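Below: the structure, in structure tokens.
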Amino acid sequence: MTPPHEELVFAPLGGVGEIGMNLSVYGVGSPRKKAWLAVDLGVAFGGDDLPGIDLIMPDIRFLVEERRNLVGLVLTHAHEDHYGAIIDLWPRLKVPLYATPFTAALLEAKRLSEPGAPDIPVIIVPLGGRISLPPFEIELVSVAHSIPESNALIIRTPLGTVLHTGDWKLDPTPLTGVPTDEAKLRALGDAGCLAVIGDSTNAVREGRSPSESDVAKSLKELIAGAPGRVAVTTFASNVARLRAVALAARACDREVVVVGRAMERIAQVARETGYFDGVQEFRGTDTYGYLPPDKVVALCTGSQGEPRAALSRIAQDEHPDVTLGKGDRVIFSSRTIPGNEKAVGRVINGLVGQGIEVITDRTHLVHVSGHPRRAELEDLYRWVRPRIAVPVHGEALHLSEHAALARKVGVPQTLVCSNGDLVQLAPGPASIIDEVPQGRLYKDGRLIIDAAQRTVADRRRLGFVGVVSVAVALDDKGTLAADPEVEMIGIPEIHRGWPALPRRCL
């Protein structure tokens, strides 16, 4: 029997109103004291609007304050937007960390690649396993996604059961791993589900996401029909896509050369954990130049136009080992993340300028999303039949469309919230009852800084208006020892002899 005045709450600290930087917190207890469970701890990536900033992370001061009441941190999968802040922020929490084997192995490989990274113990949970962290009982649900061992979480509490979907889709032929566990989700619906905290990424798209098997078939045809070298770029974490490229290359009697450290790390972990069983060994970049053009496929990092990634350097003809030229083919087996369009465009233009054929999802089925479209969302809600739907993992439009769809399929209550909202799920109707501290942290080189600091604002100002520095040399009597030196950086110079602008133009 539930003690009086107990409540079940949910608080997103990242990943709501945005795509990326996911951190969700669940609490059970009285208004004054609760046990807390954290799910995921991810990053977003800095753009041109954040000069000098590499990564954006959720502010975890609330969890630090509640550390004694924090029973654990569970990772749903190993995408950067769900686990990318672990190395930097876990030392501030030092709570039990739970992950499946592939996620744990990838985290360890990433940790070893970063100098000075802390030792982080991980409790390995088998696929479909259970975690007991009273008052939370958590059951993993295998779901299809664009990385192995993605999981939804069934979170059972004395006040009701919540389905935290994580990232998922319905794919009957996912190439790696197993399809989404429909039977377990239907059983949850039969047993009774209080709320779904659900992925909204593709809630604006009709129909169903195509299968990874469809992409594999298309890639095989494109590689087989290429007269010269082929380079394929994709998200390094998409092990199913890497496997599809490797099998297509083998069918066409081509060697696979891996280009880029992130791709090398993923390939190594996939082989160690069994996801590359039956896949030929890959070659290093030192062998690339010795292979005939029609006998090589290069797997390259840089699908998002990252300036230091392999494909960007190839596009500028600056890579020390890998070159492409007229008659070669580059396949972008990826989707351009909003905000990266200019960077990707620069890479594509650089390749086309060298006479290289570029193929994207604009004309060929070379990429599918790892997130559910509307028909897949409808299936989920019909299986689980929750009383409450709370859309997460999306911008405002995605959240709104997800909520409207949930109402359409008969979910009694939907609630759209924001980062920092404290949502009461039980008892009674779902409602926003309070706020918890939330914000953003920036990773600036090796430093973690608060987004509220003036650092980035000052950099923007300097980049916009420039800076004037004045150097004055004084002797020991305080008088000028030399003429002052004035240096202007980022400020236009007016050259003598140029005609002055008419007053109306000033």
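At-a-glance table
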| item | result |
| --- | --- |
| Region 2-38, residues that are basic (Lys, Arg) and either surrounded by fewer than 18 Cβ atoms within 10 Å (Cβ to Cβ) or closer than 21 Å to TYR442 by Cα (or both) | ARG32, LYS33 |
| Within region 384-499, strands (runs of 3 or more DSSP E) holding 2 or more residues that are under 25 Å from the mean Cα position of the chain (by Cα) | 388-392, 421-426, 440-444, 447-450 |
| Residues satisfying the stated conditions in region 13-57, i.e. assigned to a strand (DSSP E or B) and modelled with pLDDT under 95 | GLU18, ALA44, PHE45, LEU55, ILE56, MET57 |
| Matching residues, region 280-299, being of a type outside the set (Asp, Glu), open to solvent by 40 Å² or more (accessible area, probe 1.4 Å) and part of a helix (DSSP H, G or I) | GLY289, TYR290, PRO293, LYS295 |
| Filtered residue count, region 218-245, keeping only those that are in a helix (DSSP H, G or I) and free of Cβ contacts under 8 Å to residues at least 24 places away in the same chain | 1 |
| Lone unmet requirement of (1) in contact (Cβ under 8 Å) with a residue 24 or more places away in the chain; (2) under 26 Å from ALA216 (Cβ atoms); (3) surrounded by fewer than 19 Cβ atoms within 10 Å (Cβ to Cβ); (4) touching a helix residue (DSSP H, G or I) at 6+ places or on another chain (Cβ under 9 Å) for PRO307 | (2) |
| Counted residues, region 140-150 - those being open to solvent by 10 Å² or more (accessible area, probe 1.4 Å) and in a loop (DSSP other than H, G, I, E, B) | 3 |
| Index of the failed condition, VAL215 passing every other in (1) in a helix (DSSP H, G or I); (2) within 17 Å of PHE282 (Cβ to Cβ); (3) open to solvent by less than 10 Å² (accessible area, probe 1.4 Å) | (2) |
| Where a residue in region 93-117 is more than 20 Å from PRO134 (Cα to Cα) and its partner, wherever it lies, is among the small types (Gly, Ala, Ser), with Cβ under 6 Å and at least six apart | THR103/ALA78; LEU106/ALA78; ARG111/ALA117 |
| Residue check for PRO121: surrounded by fewer than 15 Cβ atoms within 10 Å (Cβ to Cβ) and farther than 30 Å from LEU462 by Cβ | yes |
| Matching option when the condition is farther than 22 Å from SER237 by Cα, among the charged types (D, E, K, R) and open to solvent by less than 10 Å² (accessible area, probe 1.4 Å), among GLU376, GLU357 | GLU376 |
| The one condition in (1) open to solvent by less than 60 Å² (accessible area, probe 1.4 Å); (2) closer than 23 Å to ARG313 by Cα; (3) basic (Lys, Arg) that ARG261 fails to fulfil | (1) |
| Complete set of residues in region 161-212 that are among the β-branched types (Val, Ile, Thr) and open to solvent by 10 Å² or more (accessible area, probe 1.4 Å) | THR161, THR173, THR176, VAL178, THR180, THR201, VAL204 |
| Members of region 427-449 found to be surrounded by 20 or more Cβ atoms within 10 Å (Cβ to Cβ) and either free of Cβ contacts under 8 Å to residues at least 40 places away in the same chain or in contact with a Lys or Arg (Cβ under 9 Å, 6 or more places away or on another chain) (or both), listed by number | ALA430, GLN438 |
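Residue-by-condition table, conditions (1) touching a residue at least 60 places away in the same chain (Cβ under 8 Å); (2) over 29 Å from VAL239 (Cα atoms); (3) open to solvent by 20 Å² or more (accessible area, probe 1.4 Å):
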{"residue": "GLU341", "(1), (2), (3)": "no, no, yes"}
{"residue": "ASN349", "(1), (2), (3)": "no, no, yes"}
{"residue": "HIS393", "(1), (2), (3)": "yes, no, no"}
{"residue": "ARG407", "(1), (2), (3)": "no, yes, yes"}
{"residue": "GLY410", "(1), (2), (3)": "no, yes, yes"}
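Residue-by-condition table, conditions (1) open to solvent by 10 Å² or more (accessible area, probe 1.4 Å); (2) closer than 28 Å to SER211 by Cβ; (3) over 19 Å from the mean Cα position of the chain (by Cα):
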{"site": "ARG67", "(1), (2), (3)": "yes, no, yes"}
{"site": "LYS110", "(1), (2), (3)": "yes, no, no"}
{"site": "ILE138", "(1), (2), (3)": "no, no, yes"}
{"site": "ALA152", "(1), (2), (3)": "no, yes, no"}
{"site": "ILE155", "(1), (2), (3)": "no, no, yes"}
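The values are calculated or read from the model by the stated rules, or taken from the named source; none is laboratory data. Bear in mind the structure is a predicted one, so any value in this text is a computation, not a measurement. Note: ideal-geometry Cβ built from the backbone for every residue, glycine included; neighbour counts use all protein chains shown. Side chains included, ligands, DNA and RNA excluded: accessible areas come from the protein's heavy atoms. Shrake-Rupley method; radii C 1.70, N 1.55, O 1.52, S 1.80 Å.
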